[in-house]
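Take a look at the structure set out below.
The values are calculated or read from the model by the stated rules, or taken from the named source; none is laboratory data. Bear in mind the structure is a predicted one, so any value in this text is a computation, not a measurement. Ideal geometry is used to build each Cβ from the backbone, glycine not excepted, and the neighbour counts take in all protein chains shown.
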Amino acid sequence: MNEKNRIVVVGDEPTVVGFRLAGVKDTYIVENQKEAETVLKQLIEDETVGIVILPDTFTDYSESMKKILLKTSKPIVVEVPTKETLGKTETIDELVKKVIGVDLSKGGTTK
């Protein structure tokens, strides 16, 4: 059975682990920009993927990747800050709630 509009996280280990704790099952740990783009290209071809979450440290796209993303309406690529780039007023809990709607402070509920 194929799921439609899956949420997938591609990123460094801390980002992936954080989203796994929030309930995202489909994740890929990558070490650098090239690996991130390779995985992103595969996910763009997968019709079951609706949203790809990527840390902003992996969004310095190559020209070929920029062209692919400009032509693609699905999946939606959401760039999130990492611990290093996260604003001082926004916590990881707030970020997870904003991006996927899960409130970690209430035990992972969507309300």
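Among the residues of region 31-74, the ones that are closer than 22 Å to Val17 by Cβ, among the hydroxyl-bearing types (Ser, Thr, Tyr) and modelled with pLDDT under 90 come to 2 in all. Applying the set (1) more than 23 Å from Val102 (Cβ to Cβ); (2) touching a helix residue (DSSP H, G or I) at 6+ places or on another chain (Cβ under 6 Å) to Pro55 leaves exactly one unmet item: (1).
Taken over region 75-84, the residue count meeting the criterion of being surrounded by 11 or more Cβ atoms within 10 Å (Cβ to Cβ) and either at pLDDT below 75 or assigned to a loop (DSSP other than H, G, I, E, B) (or both) is 4. Can you say whether Asp103 is more than 18 Å from Val8 (Cβ to Cβ), of a type in the set (D, E, K, R) and modelled with pLDDT of 75 or more, as far as the supplied structure shows? For Asp103, the condition - more than 18 Å from Val8 (Cβ to Cβ), of a type in the set (D, E, K, R) and modelled with pLDDT of 75 or more - is met. Taking region 11-34 as the range and being part of a loop (DSSP other than H, G, I, E, B) and not charged (D, E, K, R) as the test, the residues that pass are Ala22, Gly23, Val24, Val30, Asn32. Taking the listed residues Ile7, Ile29, the one that is surrounded by fewer than 17 Cβ atoms within 10 Å (Cβ to Cβ) and touching a residue at least 12 places away in the same chain (Cβ under 8 Å) is Ile29, with no other qualifying.
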